[in-house]
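Structure first, commentary second.
The values are calculated or read from the model by the stated rules, or taken from the named source; none is laboratory data. As the structure is a prediction and not an experimental result, all values here were calculated from the model. Please note: Cβ atoms are built from the backbone with ideal geometry, for glycine as well, and neighbour counts cover all protein chains shown. We work out accessible area using only protein heavy atoms, side chains counted, and drop any ligands, DNA or RNA first. Shrake-Rupley method; radii C 1.70, N 1.55, O 1.52, S 1.80 Å.
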2 protein chains.
Amino acid sequence: MAKNKRDIDLDVKRKELEQAAARLFMARGYDATSMGSIAKELGVTANTLYWYYASKDELLVGVLNRLLSDSLEKLPAMMELSLRDQIDWTLRELEKSRPLVNTVHGKLGESAAIRDWHDRFHSLLESAVAHTLKAKGIRGERARMLATVAIFLVEGLLAHPHTETQRDDILAWFSQNSAADPA
Amino acid sequence: MAKNKRDIDLDVKRKELEQAAARLFMARGYDATSMGSIAKELGVTANTLYWYYASKDELLVGVLNRLLSDSLEKLPAMMELSLRDQIDWTLRELEKSRPLVNTVHGKLGESAAIRDWHDRFHSLLESAVAHTLKAKGIRGERARMLATVAIFLVEGLLAHPHTETQRDDILAWFSQNSAADPA
DNA sequence: TATCACTCTTGTATGCCATTCAAGATTGAC
DNA sequence: GTCAATCTTGAATGGCATACAAGAGTGATA
């Protein structure tokens, strides 16, 4: 079972690395965080990181996937909320990683690895929101359009500072206007 | 008039530098474009750029301001369009510089100079949209909220690939639901 | 015309960074 | 106790933004 033990260690180490990386990326920003400074957190050399990840971008993807899967565990409970509360929940969840969200968007043009992750994440979110809308009786095409809008609103609120009131107003307005098409 | 002649040269050179920088930033991305490669376009050394700009970020701000003031010249004509067409126009105008928009959002957390520019740009856009909405008879507070939403939609469409149909649907939906409050 | 101050440009250098490579160290399997 | 796979490291490479001080060009002044 040697193989197995190694595999376990691998995941443990990856987890530690990704947690350290997440902390530093969020505190200082992605570009301002060197591979060396992440490695130092665990008392290893920068080179060591390259045994676990092919590049700094891949490490970021690892961090993102870990955060995502943590959030995904709470998804079933979340799906029982109202649409409005689902959006609010998503927003608060993403706010915990706000700096990373901006980093991802900034790197879309330069890193295929990050773009891939981003695209898959978007599909996931859109599917979830569209599913809820369809459950409310909204036809598929319109549900998808509204899901896209919902995500744009989440991203906008995430990227730009705003008051609680602003957020509430926007979410209330969206909920009200995302009912079935009056036409 | 020596002073004057110099000042003119300064602006000419800045313009050339900013045009070269804009081209490279958009083609290869901000991080992937070195100061040296920009300088080489004009046959000078990287150091030379530092006489005109305090840093690479400041050069980016220069590029942004130049693009912005170019667009701003067309603003009066634009203000006579319908709200829907105003948003569409803004979107198409920003699409010309799509890579830079993403760069700016990615750097918000790390560069005060860029954050300042971004905040001022947002105020400008929001004021313009809110002004149009108020002219349609929507009360101030609601107009500001809808202006914020409009900008979030523009940014969302800008950052994420989409079809013409998707865009049309979203803009149509927004126009329809940004009328005076039914309540 | 000679000098001066200001504007612009460059050569050279520093320090940081991501990433590579080859060589050690560790450890389970046989 | 040897072997192979799994980790870790030291040392090096090349690129980068940026700093500094020295030079070249140019208009104004005397």
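Of the set (1) open to solvent by less than 20 Å² (accessible area, probe 1.4 Å); (2) modelled with pLDDT under 95, all apply to A:Glu141 but (1). Only a single item in (1) free of Cβ contacts under 8 Å to residues at least 40 places away in the same chain; (2) in a loop (DSSP other than H, G, I, E, B) is not met by B:Thr148, and it is number (2). Being in a loop (DSSP other than H, G, I, E, B), in contact (Cβ under 8 Å) with a residue 12 or more places away in the chain and touching a Leu at 6+ places or on another chain (Cβ under 8 Å) is a condition met by at least one residue of the stretch B:165-178. Identify, please: which residue in the stretch B:28-50 is within 14 Å of chain A (Cβ to nearest Cβ) and near DNA strand D (Cβ under 7 Å from one of its atoms) and is, among those, farthest from the chain's Cα centre (by Cα)? Among them, the one singled out is B:Ser34. All told, A:His160 falls short of being more than 9 Å from every other protein chain (Cβ to nearest Cβ) and either open to solvent by 70 Å² or more (accessible area, probe 1.4 Å) or within 15 Å of B:Leu153 (Cβ to Cβ) (or both).
Scanning the stretch A:94-138 for residues that are assigned to a loop (DSSP other than H, G, I, E, B) and open to solvent by less than 30 Å² (accessible area, probe 1.4 Å) returns A:Ser97, A:Leu108, A:Ser111, A:Ile138. Annotation note: Cβ proximity below 7 Å between a residue of the stretch A:55-66 that is within 16 Å of DNA strand D (Cβ to nearest atom) and a residue that is outside any helix (DSSP H, G or I) (sequence gap 6+ or interchain) occurs for A:Asp57/A:Ser111; A:Leu59/A:Tyr53; A:Gly62/A:Tyr53. Count of the stretch B:163-178 residues, restricted to those that are acidic (Asp, Glu) and more than 7 Å from every other protein chain (Cβ to nearest Cβ), is 2.
Do we find that A:Ala135 is in contact (Cβ under 8 Å) with a residue 24 or more places away in the chain, more than 26 Å from A:Arg23 (Cβ to Cβ) and of a type in the set (A, V, I, L, M) in this structure? No, not satisfied.
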